[in-house]
1. Does segment A:49-57 contain any residue that is open to solvent by less than 70 Å² (accessible area, probe 1.4 Å), assigned to a loop (DSSP other than H, G, I, E, B) and not small (Gly, Ala, Ser)?
2. Of the conditions (1) surrounded by fewer than 19 Cβ atoms within 10 Å (Cβ to Cβ); (2) more than 12 Å from chain A (Cβ to nearest Cβ); (3) outside any strand (DSSP E or B), residue B:140 fails just one. Which one is it?
3. If I filter segment A:86-94 for residues that are out of contact with any helix residue (DSSP H, G or I) (no Cβ under 7 Å at 6 or more places or on another chain), part of a loop (DSSP other than H, G, I, E, B), surrounded by fewer than 13 Cβ atoms within 10 Å (Cβ to Cβ) and more than 12 Å from chain B (Cβ to nearest Cβ), do I get at least one hit?
4. Being in a strand (DSSP E or B) and of a type outside the set (Gly, Ala, Ser) is the filter; apply it to segment B:103-126 and report the residue that is nearest to the other protein chains (Cβ to nearest Cβ).
5. List pairs: first residue in segment B:144-170 and closer than 20 Å to residue B:75 by Cα and more than 14 Å from every other protein chain (Cβ to nearest Cβ), second residue assigned to a helix (DSSP H, G or I) and among the polar types (S, T, N, Q) anywhere in the structure, Cβ distance under 7 angstrom, at least six positions apart or on different chains.
6. Would you check which residues across segment B:31-55 are more than 14 Å from chain A (Cβ to nearest Cβ) and part of a loop (DSSP other than H, G, I, E, B) and list them?
7. Taking segment A:22-47 as the region of interest, how many residues are over 16 Å from residue A:190 (Cβ atoms) and without any contact (Cβ under 8 Å) to a residue 12 or more places away in the chain?
Amino acid sequence: MGLPKNYRKNIDITPHKQGYAARQQILDNIADPGTYLPKGLLHEDMDRDFIEYVKNTLNLTLGGEEVPVIFLSIQRWAEFAKTWQFSDVNKNIKIPFITIVRKPDAQVGTNQAGLYNVPGKPTFTYMKVPTWDGNIKSFDIYKIPQPVSVDLTYEVRLFCNKMRDLNIFNKKILKSFSALQQYLRINGHPIPLILDSIGDESVITNLDERKYYVQLYTIKMMGYLLDPEDFVVSPAISRGITLFEVSDNVHLAPFQVSANEETNIITIEISFDPGVNSFSFVSGHHAEYTEVSIENITTNTITVNGVPVTTPFIVNHGDTIGVTIVKTDVGANAYVRLDGVLL
Amino acid sequence: MKNNRKIPITRINKFFSQEDFDLEVDFGREWLEGDINIKVILFQVEQGESLTDNIYGESGRNEIRFKTPVELTVNFKMDAPANKAYNKDGSMRFLEHGNIVFGVYQSHLDELKAGINYGDYIGYAETEDKIKYYTVSNNGIIHSDNAHTIGGFKGFYRTVTCVPTDIDEFNGI
């Protein structure tokens, strides 16, 4: 009996994280458990996981036998060491097989779309880890640099003798890249792969030569480098001592002179900040001061050219007026106001 | 085109006849089979019996059916092996057998009732326990040119070219 339409045969009952929880999950994957730091990511890590991707995800089995996947570098003995078990009596590798060659020229990465980046090599706080040495509770600051983008290009070739073998591998590749990109979780870091091109290098044109198919898949890995050597762990500040010194000579009292030529009234207002108890300035007016108003001051002494005076007193143009006070509350501001008339 | 009617060959009949031709061929075969005695094994593919897929007509290595193999005594030449690489960057090196080019008397093939077709397989015993297989890339079926005739009288041997084959394609018996 057929199933009715819209009958769901595959129900995903595994809960999947979404939104913030999903993003946090990605960060948790990147973090190396037990170290409070992310796992490093270098060329070797990306090469290793790409080989695993071809071996396990693109896994090609033909005629009941798994097709060997061989990563190649330039060392001849290394190549022989990887291929001898798949070779014939003449020590030649037997078709079919898959090779992976990484182009040695790793390019500047496009992981960040080629945008400008932070100059220099600053490190940024990744985590604050509480510490306790038995006496002092503190933090260690774990800092990491911004990863450096790098593009790695891999050439994956399938060598085989039959068109139907080509079809099987081609189908696997195209399905893997059906969403244009394929993500690998390399040391927990999500790294995208892009299928750059599919080429053909088949040896089929020469009649008097052995014929075989060679299908080339050029795959670009848009990765980044995160070097554990650049990680910084430093203790945070656990105790601080703040010292300050008070000196009469350091600060001056702000003052304001208001002289009205029409009414001939002159007023000098002086503000003594905490720690400032004396003041002097050169007068620009010829005036007679008749009244002194004070605030937060116990005693005060006014001098003209160094000579103590009491109200009323006359100050000529160019004379130096000095005011010395004793504050009632030393931690607060004090004010002196001189009122007089212009002469 | 082969004709049921027999057409007498009377070329250069003032100096040469079918008896002379047969005698020359006998001399040659006596030398080739008696003195030189280099043999290859011919695997004639049974095209109707071999297992092929419906779309591409391809067979796997254990899917090719062939007639009873026959030994051919041939005038043998093997090219030097070539050091090659599967990848363009020089990796996946392999040593490719040289092609085989052999001459075989047409009368020898006729006696064995054997025909050599494009794509048939040839085995050559390199050592007592090592045999290498080739596939025919040129069966030399047209042998009426000057080089393959005696004085232009009639073609008497074929030159066959064979290229190495993968054991994934054919692995003998």
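The values are calculated or read from the model by the stated rules, or taken from the named source; none is laboratory data. Computed from a prediction, not measured in an experiment: that's the story for all the values here. Here Cβ is always computed from backbone atoms with ideal geometry, including for glycine, and neighbour counts include all displayed protein chains. Accessible surface areas use protein heavy atoms only, side chains included; no ligands, DNA or RNA. Shrake-Rupley method; radii C 1.70, N 1.55, O 1.52, S 1.80 Å.
1. Looking for residues that are open to solvent by less than 70 Å² (accessible area, probe 1.4 Å), assigned to a loop (DSSP other than H, G, I, E, B) and not small (Gly, Ala, Ser), one finds none in segment A:49-57, hence no.
2. (1)
3. No, that holds for no residue.
4. Ranking the candidates gives B:126 first.
5. Between residues of segment B:144-170 that are closer than 20 Å to residue B:75 by Cα and more than 14 Å from every other protein chain (Cβ to nearest Cβ) and residues that are assigned to a helix (DSSP H, G or I) and among the polar types (S, T, N, Q), the close pairs are B:155/B:106; B:156/B:106; B:157/B:106; B:158/B:106.
6. B:37, B:38, B:44, B:46, B:47, B:48, B:49
7. Counting residues in segment A:22-47 that are over 16 Å from residue A:190 (Cβ atoms) and without any contact (Cβ under 8 Å) to a residue 12 or more places away in the chain gives 4.
Rundown of residues vs (1) open to solvent by less than 60 Å² (accessible area, probe 1.4 Å); (2) more than 8 Å from chain A (Cβ to nearest Cβ); (3) at pLDDT below 95, yes/no style:
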| site | (1), (2), (3) |
| --- | --- |
| B:65 | no, yes, yes |
| B:71 | no, yes, no |
| B:77 | no, yes, no |
| B:82 | yes, yes, yes |
| B:93 | no, no, yes |
| B:101 | yes, yes, no |
